[in-house]
Amino acid sequence: MDRPTMSYPILIAGGFSLAMLAAGNLAATETGHSTAPAFGTPRPVVTASELHQIDAASNPFPSKVMAKQFADYLAWTKSRGLSRLAAFEALRDLEQGKPAAEVLPFPSEQMAEQFDAYLRWTEEQRVSPFYAFKVTNFD
């Protein structure tokens, strides 16, 4: 019985493609470090409105204040028609070492301070600076 010779390469290519998709998802995980603290792993997605009344157990941020300020930041960028990444876009153009509270146009000093605290926290925890966007459904 003749077997089509093209089926094996197609099967292998399909399997390889599937493996690459799975590996891509693994590479996109937050840390990739098995020694990362509990805050370093992505938590289930919460909505921006839930961040205002979130309890400590389900808070993907290190503090309630930070969670609330991130929700306020999302609302502020939306109301101004700004990119959700406005703070990060502004950081590209800033001198190194200056805190965001001094140079970025946040609507409040507390939001700027929490942004600085968030950046320090992501560095300490070895997570992506975009962690907040991965754990928050903001639309």
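The values are calculated or read from the model by the stated rules, or taken from the named source; none is laboratory data. In this text the structure is predicted, and so the values were computed from the model without any measurement. Ideal geometry is used to build each Cβ from the backbone, glycine not excepted, and the neighbour counts take in all protein chains shown. Each accessible area value is taken on the protein alone, full model and side chains, heavy atoms only, with ligands, DNA and RNA left out. Shrake-Rupley method; radii C 1.70, N 1.55, O 1.52, S 1.80 Å.
In region 58-81, the residue that is nearest to Arg126 (Cα to Cα) out of those that are over 16 Å from the mean Cα position of the chain (by Cα) and aliphatic (A, V, I, L, M) is Val65. Taking the residues in region 31-80 that are among the aromatic types (Phe, Trp, Tyr) and at pLDDT 85 or above as candidates, determine which candidate is nearest to Phe133 (Cα to Cα). It comes out as Phe70. Of the residues making up region 115-129, those that are in contact (Cβ under 8 Å) with a residue 24 or more places away in the chain and either polar (S, T, N, Q) or not in a helix (DSSP H, G or I) (or both) number 5. Scanning region 55-75 for residues that are buried (at least 18 other Cβ atoms within 10 Å of the Cβ) and over 16 Å from Asp116 (Cβ atoms) gives Asn59, Pro60, Ala71, Leu74. Yes or no: region 86-93 includes at least one residue that is at pLDDT 90 or above and either open to solvent by 50 Å² or more (accessible area, probe 1.4 Å) or in a loop (DSSP other than H, G, I, E, B) (or both). No, region 86-93 contains no residue that is at pLDDT 90 or above and either open to solvent by 50 Å² or more (accessible area, probe 1.4 Å) or in a loop (DSSP other than H, G, I, E, B) (or both).
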